[in-house]
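Notes follow the structure.
The values are calculated or read from the model by the stated rules, or taken from the named source; none is laboratory data. None of these values were measured; they are calculated from a predicted model. Glycine gets a Cβ as well: all are built from the backbone with ideal geometry, and neighbour counts include every protein chain shown. Accessible surface areas use protein heavy atoms only, side chains included; no ligands, DNA or RNA. Shrake-Rupley method; radii C 1.70, N 1.55, O 1.52, S 1.80 Å.
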Amino acid sequence: MAEGLMTAPRIFFYVQHLLGIGHIARASRIANALVQDGFDVTVVTGGLPVPGFPGEGVRTVVLPAVVASNAGFSGLADADGRPAGADFLAARRDLLLDAFHASRPDVVIIEAFPFGRRQMRFELLPLLAAIEEADPRPKLLSSVRDILQENRKAGRDAETVKLVRDHFDAVLVHGDPDFVRLEDTFPLTPEIADRMRYTGLVAPPPAPEPAEIFDIIASAGGGAVGAELIGAAKEAAALLPDHLRWLLIAGPNLPEADFVKLSQDAVANVTLVRFRKDFPSLLRRAKVSISQAGYNTVGDLLRSECRAILIPFVAGGETEQTVRAERLQALDLAEILPEQGLTADHVKEAVERALAVPRQRPVSLDLEGAEKTAAIIRSMIAESLA
């Protein structure tokens, strides 16, 4: 590894987003913190492009995109929605391995795997093999959010543990153990406890003052599954006083037909957009936020003082957002509305309740996960050279 440290340590960071933008957004915040800390970072992306990510100063390798072909994430499709065939996947695998060998990294970070992204084993297992064969062998780290999807099939957890123990030097858990611990959703955590490093939540830095002010902001993350949320918020705006300024952020992946439909017949105090780069700033002065309960959105909310109404994503048996929302509700940091059967009246009544209480108090959770990730990696490199 010494040769790689003559200049800046080289990081090879694999991230695959299949539906929303949460994975690439969190990985990008970490990658940017690594660059700021002096690392030479290459991020390998394998999903549809997302404006603004991975960010400035980060080298990128863009693999031919794959997406989830169904809500259960069990299949893969290409960017045009066609099933991803064997030749397509083999070509992707070869491009990934070529990029790894060209990068000659000191540290490899794989986002989500082996705790998730089993669909990507066709290229990740060969990558693990290439890492083991490399001389010098780079450090291998798993980058994982604090709450995992539950209801996994029998044997999956044991398989994950074996992969961690056989290949990974550390598991970076991007959470605050005072909020939620990995063992809450991954029962075999004690078997890998010696590899785990809690980084804190990967939240954005405190945002500057916004350029404009909205009272209520409804956002759908990437937008691939948020049309009902935005539609209910739009209808609720028409039922509430018109002096309230609403911003509806539909998401870059919302189908165009849905966006056009939402843009029709909106009341005058409603602004509809696909994306706002200054979303964290806008939350600073908003009174109420309506959103799903994804990792990154909640990180933005925890930096703000606006009241949160959370509508966890549950399609395909998803449990992660529900667990996160329930933890926030238990801390009096959010109200939960169900995704199934959501109506404008539900949203209206929740907004009225939120407007009737004081702005949210600042939280004491560790929100510096990106910077602490960089510090942990630098410390691991130093230990290996000692």
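So if R0 is 22 Å, what FRET efficiency would residue 359 and residue 329 give, r being the distance between their Cβ atoms, rounded to the nearest 0.05?
0.80
Taking the full set of protein chains and a 1.4 angstrom probe, give the accessible area of residue 305 in square angstrom, rounded to the nearest 10.
Spelled out: residue 305, probe radius 1.4 Å, area about 80 Å².
May I ask you to compute the full-extension gain from residue 80 to residue 121, defined as 0.36 nm times their residue separation minus their alpha-carbon distance, rounded to one decimal in nm?
The span from residue 80 to residue 121 would gain 12.6 nm if fully extended.
Evaluate the Kirkwood expression for the hydrodynamic radius of segment 200-289, namely the inverse of the mean inverse distance over all pairs of different C-alpha atoms, and round to one decimal in Å.
13.5 Å
To the nearest µm²/s, what D does Stokes-Einstein give for segment 164-220 at 37 °C and 0.692 mPa s, using the Kirkwood radius over alpha carbon pairs as Rh? Mind dumping the intermediate values first?
Numbers: Rh = 14.5 Å.
Here the translational diffusion coefficient equals 227 µm²/s.
Rounded to two decimal places and with Rh computed the Kirkwood way over Cα pairs, what is Rg over Rh for the chain?
So for the chain, dividing Rg by the Kirkwood Rh gives 0.97.
Longer than 30 Å from Cα to Cα, which of 277/348; 261/287; 139/277; 153/277 are they? Say none if no pair is.
139/277; 153/277
Taking θ as phi - 60°, what are the ³J(HN,Hα) couplings along segment 35-41 by the Karplus curve (6.51, -1.76, 1.60), each to the nearest whole Hz, with x for Gly and Pro?
4, 4, 7, x, 7, 9, 10
Assuming 0.36 nm per residue, please report the length gained on full extension of the stretch residue 102 to residue 244 beyond their Cα-Cα distance.
Gain on stretching residue 102 to residue 244: 45.7 nm.
In segment 116-201, which trypsin sites (Lys or Arg not before Pro) fall in coil by DSSP and have 13 or fewer other Cβ atoms within 10 Å?
Details: sites: 117, 118, 121, 139, 145, 152, 153, 156, 162, 165, 181, 195, 197; in loops: 117, 152, 153, 181.
When the trypsin sites (Lys or Arg not before Pro) of segment 116-201 are filtered for loop state and at most 13 Cβ neighbours within 10 Å, 153 remain.
Taking 0.36 nm per intervening residue step and subtracting the Cα-Cα distance, what contour gain separates residue 382 from residue 265 on full extension?
Working: separation 117, 0.36 × 117 = 42.12 nm, distance 5.97 nm.
Roughly 36.1 nm would be gained on extension.
How many Å² of accessible area per residue for segment 225-300, probe 1.4 Å?
Working: 3240 Å² over 76 residues.
Accessible surface, normalised per residue, equals 43 Å².
Okay, helix-only estimate at 222 nm for the chain: each DSSP H run of n ≥ 4 adds -39500 (n - 2.57), divide by all residues, round to 500 deg cm²/dmol; what do you get?
On the way: 11 runs with 134 residues, N = 386.
After summing the helix terms and dividing by residue count, I get -11000 deg cm²/dmol.
Return the carbon/sulfur percentage of the accessible area of segment 77-204, one whole number, probe 1.4 Å, all protein chains in place.
For segment 77-204, the apolar C and S fraction of the accessible surface comes to 49 percent.
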